[in-house]
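This report refers to the structure that appears directly beneath it.
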Amino acid sequence: MDKQENTNADGTKRTLSNRHVQMIALGGTIGTGLFLGASTSITKTGPSIILVYVIIGMFFFLMMRGIGEMLYQDPSQHTFIAFISRYLGQRTGYFAGWTYWIGLIFVGMAELTAIATYVRFWFPHTPAWLIQVGFLVILTSVNLIAVRIFGEAEFWFAMIKIVAILAMIATGIMLLLTQFKTPTGQVGFANITTHLSLFPNGIHSFIGAFPMVFFAFLGMEFIGITTAETKNPRHVLPKAINEVIYRILIFYIGALIVIMLIYPWQSLSVKQSPFVQVFSLVGLRAAAAVINFVVLTSAASSLNSMIYSSGRHFYQLATESNGRFMRRFKIISTHGVPAKGILISATLILLAPLISALPIVSNAFSLITSTSSDLYLIVYSLTVVAHYRYRQSTDFMPDGFLMPAYKVVDPLLIGFFVVIYISLFFDSSNWLPATLGILWCVIFGFFASRERSTVPAVSVSDDKMLDHL
């Protein structure tokens, strides 16, 4: 391919290969929610956390099939939010666009907060804000250089995570087969089955685990966001999405089972990664330090993806807006990236150290993750409705990458997202962000309904504009 064929009409470059997208898909699927948040989830509900991951993983996979179907029909879009504008109206798209972008910022804050926690494993006296600023500057620079540099960085970030999880699973199997004994007892299924209960801490705790697990899956949609900068999107996209289910089974369910085989779930500390605790328990202090590096890499990977995604999403907002302020963000840099969108997103992520420093915030990570989950739930619900409308529109591609039984699946997904939102109120620490989410819908939804600055997304009913992809 020549240089022109590798460049989109807006100046962004299609330089991500299949291996980049596959690893970005893994990077978006495996993040801080698993490496750090799993401790909180396991202590809330014990072995039944596996059931929570299976349920949420299944619904996420179905949602990704819906998003994938729309992106397969029009892979030129930088974000799936464009389909909300197209099928639900410009003002709904305006509301969803800003809501999703702010959600990305909050997830970026959560990852930045986690990074400081991991680094202080080695440097406990280093100020958290200094660590956060340093990492944010480095990763923002990576995103500003070129999309291929981002792809390479994410490829190796994801590779480290995969190797670490597979190593832990292999270690767990070996310890199980050799009947290894730790200071808390013998490694085995007895750690899971003894006094087994679906609701060991009550049904409220079981339901309260859903928001944190939901957060663990946030970012899965990044598979689609990379489509516009992928060399062969219609070949890469279906494969990347269909493999999501295997990643869930191996990397989430497999890791959780091994953690609980080795470490009695009642003894896990919510202040430290369960991966680090497991290796420390079996006497591998050096391995624990290595795993801490891995979970640090995981958080850096997720933050890297958030900067990538939020920058492109803000660029998309700018291109769909006639507002005077947004005009300056419609520019693609000479490196083929939306530099100004990346910079404004990274600047707002820097609010994380300020939130962590507030005296009234006892657990900044939990507060930020709950807030981001609220915003994502709103956008995901609108995306599913947009998919339903797409299937009934003239754009529908009957020979495309179809979601099965959409008339049943789409309503089920909406109901699932409503249940997750309600579950936020089962934990007193989530009341504030859950209430703020409702206020956001009411107040910003009112202003969005009066917004006239957005321009409609162009509907694509044929493949002519995609012949060059």
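A residue that is out of contact with any Ser or Thr (no Cβ under 6 Å at 6 or more places or on another chain), surrounded by fewer than 23 Cβ atoms within 10 Å (Cβ to Cβ) and among the acidic types (Asp, Glu) can be found somewhere in the range 146-165. Summed over the range 393-409, residues that are in a loop (DSSP other than H, G, I, E, B) and among the aromatic types (Phe, Trp, Tyr) total 2. Kindly indicate whether any position in the range 451-466 is modelled with pLDDT of 75 or more, crowded, with 17+ Cβ neighbours inside 10 Å, in contact with a Ser or Thr (Cβ under 7 Å, 6 or more places away or on another chain) and more than 24 Å from ARG234 (Cβ to Cβ). No, the range 451-466 contains no residue that is modelled with pLDDT of 75 or more, crowded, with 17+ Cβ neighbours inside 10 Å, in contact with a Ser or Thr (Cβ under 7 Å, 6 or more places away or on another chain) and more than 24 Å from ARG234 (Cβ to Cβ).
SER76 meets each of the listed conditions (1) of a type outside the set (A, V, I, L, M); (2) at pLDDT 85 or above; (3) more than 19 Å from MET220 (Cβ to Cβ) apart from (2).
All conditions in (1) at pLDDT 70 or above; (2) assigned to a helix (DSSP H, G or I); (3) within 22 Å of the chain's Cα centre (by Cα) hold for ILE355, with the sole exception of (1). Among the residues of the range 173-212, not one is touching a Lys or Arg at 6+ places or on another chain (Cβ under 9 Å) and surrounded by fewer than 13 Cβ atoms within 10 Å (Cβ to Cβ). Filtered by the rule that a residue be crowded, with 18+ Cβ neighbours inside 10 Å, modelled with pLDDT of 75 or more and part of a loop (DSSP other than H, G, I, E, B), the range 254-291 gives TYR263, LEU268. Looking across the range 167-209 at every residue that is aromatic (Phe, Trp, Tyr) and touching a helix residue (DSSP H, G or I) at 6+ places or on another chain (Cβ under 7 Å), the one that is nearest to GLY57 (Cα to Cα) is identified as PHE206.
Selection within the range 402-418: residues that are more than 17 Å from VAL379 (Cβ to Cβ) and in contact (Cβ under 8 Å) with a residue 60 or more places away in the chain. The member of this set that is surrounded by the fewest Cβ atoms within 10 Å (Cβ to Cβ) is PRO404.
Among the residues of the range 333-340, is any at positive phi, touching a Lys or Arg at 6+ places or on another chain (Cβ under 8 Å) and not basic (Lys, Arg)?
Step one: filter the range 333-340 for residues at positive phi, giving 336.
If we keep only those that are touching a Lys or Arg at 6+ places or on another chain (Cβ under 8 Å) too, we end up with 336.
Add one more test, that the residue is not basic (Lys, Arg), and what stays is 336.
Scanning the range 333-340, I find at least one residue that is at positive phi, touching a Lys or Arg at 6+ places or on another chain (Cβ under 8 Å) and not basic (Lys, Arg), so the answer is yes.
The values are calculated or read from the model by the stated rules, or taken from the named source; none is laboratory data. Predicted model, so just to flag it, every value in this text is computed and none were measured. Every residue, glycine as well, gets a Cβ built from its backbone with ideal geometry; the counts of neighbours run over all protein chains shown.
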